[in-house]
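The values are calculated or read from the model by the stated rules, or taken from the named source; none is laboratory data. All of these numbers come straight from a predicted model, not from anything done at the bench. Virtual Cβ from ideal backbone geometry, glycine too; neighbours counted across all protein chains shown.
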């Protein structure tokens, strides 16, 4: 019944008012600042990330193959007031009577952390703690929302842009420059895969739910009539 009421409201104002850029910008603000935080507020403070193993080959007789294990991964920065914020202006694409509204968003506080241990930094082969934290450099995604003439909008697509990150270790790895680079490359690849799975999994589910809920919120608030 609630969806029917909202659909009737959409039909009653569909046209210039409903599909104006001002309306769509107001929709985006409500989406990011009001409704999405409610959805994400139901999630845990940290999303679990899958563990992985890394192997870095020896480069000289003074060292051995490095074998590292990273576990208990966690992703933070999604459960806060503004987990996503708009970057620049959104783009409008008219498709007959429908509109695709495309917005680039950024995660201002996204971080990933793992507990880890490594063996093989030297010939002794002692297993030592090596935790790592990844801070992301302008992590972004693109949200495309499809607005219809007389029904609730839907999430048309969600694209995560390539992730760039900086790594911070709990201690300085005892590795030469080449092995350090190889370790960091492996870590960035594995962490990127794990984080992307969350962004395309639980987060995308929340984005999808937020679209229709935001339209209901905006229309029933009465601010746009």
**Prompt:** List the pairs whose first member sits in region 147-166 and is modelled with pLDDT of 95 or more, whose second member is exposed (fewer than 14 other Cβ atoms within 10 Å of the Cβ) and assigned to a loop (DSSP other than H, G, I, E, B), and whose Cβ atoms are under 7 Å apart, counting only residues at least 6 apart or on separate chains?
**Reply:** 164/137; 165/137; 166/137
**Message:** Looking at region 84-135 only, could you name the residues that are in contact (Cβ under 8 Å) with a residue 40 or more places away in the chain, farther than 28 Å from residue 206 by Cα and part of a loop (DSSP other than H, G, I, E, B)?
**Reply:** 120, 121, 122, 123, 125, 130
**Message:** I'd like to know if region 190-199 contains one or more residues that are modelled with pLDDT of 90 or more, surrounded by 21 or more Cβ atoms within 10 Å (Cβ to Cβ) and under 30 Å from residue 20 (Cβ atoms).
**Reply:** no
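Inside region 35-51, can you point out the residues that are out of contact with any helix residue (DSSP H, G or I) (no Cβ under 9 Å at 6 or more places or on another chain) and within 15 Å of residue 112 (Cβ to Cβ)?
44, 45, 46
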**Prompt:** Out of region 171-189, which residues are surrounded by 13 or more Cβ atoms within 10 Å (Cβ to Cβ), under 16 Å from residue 131 (Cα atoms) and either touching a residue at least 24 places away in the same chain (Cβ under 8 Å) or more than 27 Å from the chain's Cα centre (by Cα) (or both)?
**Reply:** 173, 174, 175, 180, 183, 186, 187, 188
**Of all residues in region 69-83 being in a strand (DSSP E or B) and under 15 Å from the mean Cα position of the chain (by Cα), the one that is farthest from residue 36 (Cα to Cα)** = 74
**Prompt:** Taking residue 100, is it modelled with pLDDT of 95 or more, out of contact with any helix residue (DSSP H, G or I) (no Cβ under 9 Å at 6 or more places or on another chain) and within 23 Å of residue 189 (Cα to Cα)?
**Reply:** no
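Results for (1) part of a helix (DSSP H, G or I); (2) in contact with a helix residue (DSSP H, G or I) (Cβ under 6 Å, 6 or more places away or on another chain), shown as yes or no for each residue.
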{"position": "138", "(1), (2)": "no, no"}
{"position": "142", "(1), (2)": "no, no"}
{"position": "157", "(1), (2)": "no, no"}
{"position": "167", "(1), (2)": "no, yes"}
{"position": "189", "(1), (2)": "yes, no"}
{"position": "195", "(1), (2)": "yes, no"}
{"position": "211", "(1), (2)": "yes, no"}
{"position": "214", "(1), (2)": "yes, yes"}
{"position": "219", "(1), (2)": "yes, yes"}
